[in-house]
Amino acid sequence: MGTPAPPALTRQLQPHFFVTRHTAVDDSGPPISAGVIQHLFHRVGLLAGRLRVDRIVDEACHSADPVRLMELFGLPNLSATRYVLSAHPDKKNGPIAP
């Protein structure tokens, strides 16, 4: 078994969502192109848009905070609120109802 990475390396922020052998060692280069992403998702039978929606719904279920969804996913206020309300129907009469 190899030696574990030093703690300082494991806590570094990685600006790329998908890490390749190039971006793992030098993150100054361009990220993976949209065409490559679509090809990879297509090969495994996924749609990138559906994966994004799934991540948003999952985060809405866990946090119930529309501001967090706006910050994480760049959603407008109304969209973030709708995601939270669909995940938490009990909040429809609360302070975040549109």
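The values are calculated or read from the model by the stated rules, or taken from the named source; none is laboratory data. Note that this is a predicted model, so its numbers are computed, not measured. Glycine also receives a Cβ, built like all others from the backbone with ideal geometry; neighbour counts cover every protein chain displayed. Side chains are part of the model used for accessible areas, which takes the heavy atoms of the whole protein and leaves out ligands, DNA and RNA. Shrake-Rupley method; radii C 1.70, N 1.55, O 1.52, S 1.80 Å.
Structure values in brief
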| read-out | value |
| --- | --- |
| Calculated from backbone phi, Karplus (6.51, -1.76, 1.60) coupling profile of the stretch 52-69 in Hz, x at Gly/Pro | 4, 4, 4, 5, 5, 4, 4, 5, 5, 5, 7, 9, 6, 10, x, 5, 4, 5 |
| Environment charge of PHE41, counting only residues whose C-beta is closer than 15 Å and scoring Lys/Arg +1, Asp/Glu -1 | +3 |
| Listed peptides 81-88, 66-73 by packing density, highest first (mean Cβ within 10 Å) | 81-88, 66-73 |
| Mean accessible surface per residue for the stretch 33-82, computed with a 1.4 Å probe while every protein chain stays in place, in Å² | 70 |
| Highest average packing first - 51-64, 19-32, Cβ atoms within 10 Å | 51-64, 19-32 |
